[in-house]
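Trainee: Shown below is the structure under consideration.
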Amino acid sequence: MPKRPLPSPAEAAFILSRKRTRPQRRPPPAAGRGLSKLLKDLDARYGQGPGALQARWKEIVGEQIAKRTEPVKLSKVKAGEPAALEIRVAGAAAALIQHQAPEIVARVNLFLGAGAVNKLRIVQGPLRNVNPERLKPVRRPLPPLDAGEEAKLAASLADAPDGPLKAALLSLGRGVMRDRRGR
């Protein structure tokens, strides 16, 4: 088969002017538009979860409770039934939080919707999302003892043998005498 010669520029322009081109491709739809229906279905089925609670925990339960607690997870036994909210509590505050459990459940249900949570599981442990400086009590420095009080304290411990016990007793005595004076 003989080779065809290439068209001249005028012939190429004529061929291209008669040839139809493909339509321009449309950009894909935004991801949010496609996912919004799926997310609404998942939210209705499984609830908002602990992420929404963690973000607004201080507003939901109040500042005093939020200092000592943090939400960990929502556990659903069966679909359609209320969930159990697991919260982590710092140290000995668990007993106080246990007494406030019905109030906490009511506040969480106001946020998540009626009947979303029916019970509270309390787990003691260190809080992860807490600023450690926030938990430290603010102590005001007390002025040192005057010479007469210091001499009285030293005289009362004169019979004690020198060592770490005597140093600890002196420190304790200074603290007690300063506290009495501060009142």
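The values are calculated or read from the model by the stated rules, or taken from the named source; none is laboratory data. Since the structure is predicted, the reported quantities are computational estimates derived from the model, not experimental observations. Cβ: placed from backbone, ideal geometry, glycine included. Neighbour counts: every protein chain shown.
Trainee: Is at least one residue of the stretch 50-61 modelled with pLDDT under 80 and out of contact with any Lys or Arg (no Cβ under 6 Å at 6 or more places or on another chain)? I'd like the intermediate steps shown before the answer.
Mentor: Our first condition is that a residue be modelled with pLDDT under 80; within the stretch 50-61, this holds for 50-52.
Checking which are out of contact with any Lys or Arg (no Cβ under 6 Å at 6 or more places or on another chain) leaves us with 51-52.
Yes: one or more hits.
Trainee: Here is a follow-up. Output yes when any residue across the stretch 27-49 is assigned to a helix (DSSP H, G or I) and on the phi > 0 side of the Ramachandran plot, and no when none is. Please lay out each step first, then the result.
Mentor: Looking only at the stretch 27-49, we keep the residues that are assigned to a helix (DSSP H, G or I), and these are 31-46.
Then keep just the ones that are on the phi > 0 side of the Ramachandran plot; that gives none.
Within the stretch 27-49, not a single residue is assigned to a helix (DSSP H, G or I) and on the phi > 0 side of the Ramachandran plot.
Trainee: Next up: When you scan the stretch 54-61, do you find a residue that is within 17 Å of residue 120 (Cβ to Cβ), touching a Pro at 6+ places or on another chain (Cβ under 8 Å), touching a residue at least 24 places away in the same chain (Cβ under 8 Å) and not in a helix (DSSP H, G or I), even just one?
Mentor: no
Trainee: Then there's this: From the list 92, 30, exactly one residue is exposed (fewer than 12 other Cβ atoms within 10 Å of the Cβ) and over 17 Å from residue 122 (Cα atoms). Which is it?
Mentor: Values: 92 fails: over 17 Å from residue 122 (Cα atoms).
Only one candidate passes the filter, namely 30.
Trainee: Conditions first: (1) within 30 Å of residue 124 (Cβ to Cβ); (2) among the β-branched types (Val, Ile, Thr); (3) exposed (fewer than 10 other Cβ atoms within 10 Å of the Cβ). Residue 21 passes all but one, so which condition is the exception?
Mentor: (1)
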